[in-house]
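Notes follow once the structure below has been shown.
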Amino acid sequence: MTKVRIFVTYKPSVFDPQGDTIKKTIHNLGHDEVQDVQVGKFFDVMVDGDSDQVAATVKQIADQLLVNFNMETYTYQVMEDHQ
């Protein structure tokens, strides 16, 4: 069993209104050194199989459910491998 964390974020070309609002608030707190904030989401998924099967499962989940490829992109990280 492998624990995978899938990160979904806006593409760089897409305006992130929530990230922009957070950045403005950070600036209002006096932290003008903060240049950018990007908001995203992550999903922790437990997957059975070897590394190739895990990668294929993550790709299918992202393609079919988690990611709107018009605006978003994804990466993933293997958090724990219990095989």
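What follows draws every value from the coordinates through simple rules; no lab data is involved. As the structure is a prediction and not an experimental result, all values here were calculated from the model. Because the Cβ atoms are built from the backbone with ideal geometry, glycine has one as well, and the counts that use them run over all protein chains shown.
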Within the stretch 26-40, tally of residues that are within 25 Å of residue 74 (Cβ to Cβ) and either surrounded by 10 or more Cβ atoms within 10 Å (Cβ to Cβ) or over 24 Å from the mean Cα position of the chain (by Cα) (or both): 5
Any residue that is hydrophobic (A, V, I, L, M, F, W, C) and touching a helix residue (DSSP H, G or I) at 6+ places or on another chain (Cβ under 8 Å) - is there at least one of those in the stretch 45-59? yes
Is there any pair with a first residue in the stretch 21-48 that is touching a residue at least 40 places away in the same chain (Cβ under 8 Å) and in a loop (DSSP other than H, G, I, E, B) and a second that is loosely packed, with under 11 Cβ neighbours inside 10 Å and not acidic (Asp, Glu) whose Cβ atoms are under 9 Å apart and which are 6 or more apart or on different chains, and what are they? 48/83
Would you mind finding the one in 58, 78 that is in contact (Cβ under 8 Å) with a residue 40 or more places away in the chain, in a helix (DSSP H, G or I) and surrounded by 14 or more Cβ atoms within 10 Å (Cβ to Cβ)? 58
